[in-house]
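Q: Pasting in a structure now, in structure tokens, and then I'll have a few things to ask.
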Amino acid sequence: MRRIDIVANIASGSVGPDAPEIAERLIAEHGVSGKVHAPQPAELVDRLRAVIDSGPDAILVLAGDGTARAAAELAGPDGPLIAPLPGGTMNMLPRALYGERTWQEAMSACLETGEPRMISGGEVGGRLFFVAAILGSPALWATAREAAREGRLDLAAARARRALRRAFTGRLRFVLDGRPKQKAEALTLMCPLVSTALDAEERALEAAALDPSSALDIFRLGFNAARGQWREDPSVSVGRCRTGRVWAGGRIPAILDGEPARFDPQVSIRFRPKAFRALVPPE
């Protein structure tokens, strides 16, 4: 590769102010020509867009889940290779691609033996995800988590109370691949990248409808999930889907690859077989 750009958010999770200097040293050690960008958080997306438009061979993104998802979405299947390094707190996409490596280890592996890999994904209301999406009232807990992470405990408590009030009051209706209409408390969509029920090359999403009807059901579902047996829980129905439609009585809360989102009362979903090209070490 002739040119690699690195975009780092030094304010994110596990990045830190010395990350640009470390990244520059790593690319020099591997004999790669590159440039490190460290924009302010409010300028991240605009800088990513400018870097992608400039046409590097690859872009290494050192930031949180939202920025990793945005970079992959902006690049698309025809743009430069994207390496979403683990720089956030949850690191959903980086963990799916690089396992439990630190960002320095993942970066070194990409520079030494990285190769292109086409990544599939899903789309909800025109927005992409590459690991998993959750639609429905359980997604409201993500906004409480974000407030707590920012140190706004009063706002976190208020959002947690709101999420608790919304439980069991706003069920979703949905149709997947033309099958009969279903109702559930939440709908989870998992990409082949992470689903243990799908082959990595399968051209579909795994769809799981979660419909606990009481606190006891939620406890049992949580217990089964901890044992890795959530698919066998009686409140869960699992299938595959390529397209679908979801609707509710009001705006639909959601989580896309760990980041909160909100959609109109009616939204479409679909599988994207070619979402973006990742730079990854050989499997």
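Q: Just checking, does the stretch 119-134 include any residue being within 22 Å of Pro282 (Cβ to Cβ), basic (Lys, Arg) and either in contact (Cβ under 8 Å) with a residue 60 or more places away in the chain or part of a helix (DSSP H, G or I) (or both)?
A: Scanning the stretch 119-134 turns up no residue that is within 22 Å of Pro282 (Cβ to Cβ), basic (Lys, Arg) and either in contact (Cβ under 8 Å) with a residue 60 or more places away in the chain or part of a helix (DSSP H, G or I) (or both).
Q: Hey, can you tell me all the residues within the stretch 51-76 that are closer than 25 Å to Pro260 by Cα and of a type in the set (Asp, Glu)?
A: Across the stretch 51-76, the qualifying residues are Asp65, Glu73.
Q: Which condition from (1) polar (S, T, N, Q); (2) outside the structural domain of Leu198 (by TED's automatic domain parsing); (3) modelled with pLDDT under 95 is the one that Gln104 breaks?
A: Going through the list (1) polar (S, T, N, Q); (2) outside the structural domain of Leu198 (by TED's automatic domain parsing); (3) modelled with pLDDT under 95, Gln104 breaks only (3).
Q: A follow-up question, please. Return the pairs, sorted by first residue and then second, in which the second residue is buried (at least 22 other Cβ atoms within 10 Å of the Cβ) and in a helix (DSSP H, G or I), the first residue lies in the stretch 58-79 and is touching a residue at least 40 places away in the same chain (Cβ under 8 Å) and among the small types (Gly, Ala, Ser), the beta carbons are less than 7 Å apart, and the residues are 6+ apart or on different chains.
A: Qualifying pairs under 7 Å: Ala63/Leu44; Ala68/Leu93; Ala68/Pro94; Ala71/Leu48.
The values are calculated or read from the model by the stated rules, or taken from the named source; none is laboratory data. Keep in mind the model is a prediction, meaning the values are calculated, not measured. Every residue, glycine among them, receives a Cβ derived from its backbone with ideal geometry; neighbour counts consider all protein chains shown.
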